[in-house]
1. From Cα pairs below 8 angstrom and at least 6 apart in sequence, can you work out the relative contact order of region 192-447, rounded to a whole percent?
2. Points 7 angstrom from Cα along the Cβ direction at residue 489 and residue 122: gap in nanometres?
3. Relative to the first principal axis of the alpha-carbon coordinates of the chain, what is the inclination of helix 221-231, with its axis defined by its Cα atoms, in degrees from 0 to 90 and to the nearest 10?
4. At R0 = 45 Å, how high is the FRET efficiency between residue 281 and residue 7 if r is their beta carbon distance? Nearest 0.05 is fine.
5. Taking the Cα centroid of region 174-204 and of region 229-305, what is the distance between the two, rounded to the nearest whole Å?
6. Under a 1.4 Å probe, what is the accessible area of region 227-357 per residue, stated in Å²?
7. Go through region 107-116 residue by residue and turn each phi into a ³J(HN,Hα) via Karplus (6.51, -1.76, 1.60, θ = phi - 60°); whole Hz please, and just put x for glycine and proline.
8. When we measure straight from the Cα of residue 489, which aspartates and glutamates land under 15 angstrom away, once same-chain ones fewer than 8 places off are left out?
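The values are calculated or read from the model by the stated rules, or taken from the named source; none is laboratory data. All figures in this text were calculated on a predicted structure; none of them were measured in a lab. Cβ: placed from backbone, ideal geometry, glycine included. Neighbour counts: every protein chain shown. What goes into the accessible areas is simple: the full protein's heavy atoms, side chains included, and nothing from ligands, DNA or RNA. Shrake-Rupley method; radii C 1.70, N 1.55, O 1.52, S 1.80 Å.
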Amino acid sequence: KKMASPSKPTRIGLAGLAVMGQNLALNIAEKGFPISVYNRTTSKVDETVERAKKEGDLPLFGFHDPESFVNSIQKPRVIIMLVKAGAPVDQTIKTLSAYLEKGDCIIDGGNEWYENTERREKAMAELGLLYLGMGVSGGEEGARNGPSLMPGGSFEAYKNIEDILVKVAAQVPDSGPCVTYIGKGGSGNFVKMVHNGIEYGDMQLIAEAYDVLKSVGKLSNEELHSVFSEWNKGELLSFLIEITADIFGIKDDKGEGYLVDKVLDKTGMKGTGKWTVQQAADLSVAAPTIASSLDSRFLSGLKEERVEAAKVFRSGGFGDVLTNQEVDKAQLIDDVRQALYASKICSYAQGMNLIRAKSVEKGWDLKLGELARIWKGGCIIRAIFLDRIKKAYDRNADLANLLVDPEFAKEIIERQSAWRRVVCLAINSGISTPGMSSSLAYFDSYRRERLPANLVQAQRDYFGAHTYERTDVEGSFHTEWFKIARQSKN
């Protein structure tokens, strides 16, 4: 069948029509930008054209072959790719660049490893083509109605498409569209990767709050639904708290009770969380909350082993929860809310420090306050809380750590006793709260003038002659610890 073709060239092209690609294409068309779409499997093209008709006769035009797709777009051409990261991206670039001309631009909207984007940007530049790696967050819903967009790479390419991105991105009253030019090279991908790492931390902290309330507080799903709905009206107002409240309200369609209780406790992952933790280690930035959320996903995968371990320890008098302590429900709910908020500050502090360390290493000059602003809408970690972060960087662009911003410091001080109560209660009840505990340990290490690291340095010098510095005299020192110790034993 003959497809409708545009009477004049379209404004932009999009290649790759899985869920995200389809939704982003329809969003662009709905904002009034005629768009050409292409997919290797042509049935996806027809499906997208159908949807465009159904969803309001949107100016979207489908193409079954790459050449006519590329030729239908106005020059300098801009094409967004939404295909799986890795080899499929290189394949798509190869297919499209055969028909592109100098000055045209390709944008990768996938979760790509930032160094791949930098490699491709260089290769494209040699052909006279522009390239952007653009993080897109918000899932299918965000892609369709307004995502958070994190474009990095060629500034010239960004300028060619800014008018579209500004309209397509989520719009937040008082702070504008959730898009900004992030910076050079792979910075857009890097920022999206850390966004996903922070998202891991958030999800883990919420899961721990749920575990403590359910296992120790004995809250029912109805109660959890109302607690999370209530939390979503205050300082924790966010997409993840909102969907969590929704989840507790949904009944099982295949049997009795609630669906959440039937979901298998094994977490999947795509890899961006792992990359974040690896980068933290490479940059010597402590990110224990994010790391503990990754570890928790690994442990969740050992379902069969955990079932066996539960048997071993049950015979030793361990139930799932160790003590049946009487708890004051209202107090517990309030404490957990405060512990969740304080832990979250630590998690975001770690993510921001990681972005800053990379920015310094690469000379990207990233603006942390601006990142907080574009995350306020559209993306998975969108939250009222991000406005506080933006303001913290507005007050002091060189803030060493979010924890020492006067506002956040005050909030942590107010919440620390509730936070400690929750972690102690969890420990005494045999409930693991790795995210909350590692956030607390991070805070407790960061706020101490003196840590026991002096002992570790002494040990390193004892067995490896690694030398040490002193608190009272400049310079490096080495002591013959072993000889002195042996003499005093004789």
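1. Working: 321 pairs, mean separation 74.9, N = 256.
Relative CO of region 192-447 lands at 29 percent.
2. Taking the simple label geometry, residue 489 and residue 122 are separated by 5.5 nm.
3. That works out to roughly 80 degrees.
4. Values: r = 55 Å, r/R0 = 1.22.
Rounded to the nearest 0.05, the efficiency is 0.25.
5. Value for the Cα centre distance between the two parts: 18 Å.
6. On the way: 6950 Å² over 131 residues.
Here the per-residue accessible area is 53 Å².
7. Working through the residues one at a time gives 10, 9, x, x, 7, 9, 5, 4, 5, 5 Hz.
8. Counting by Cα, and skipping residues close in sequence, residue 489 has these aspartates and glutamates nearby: 480.
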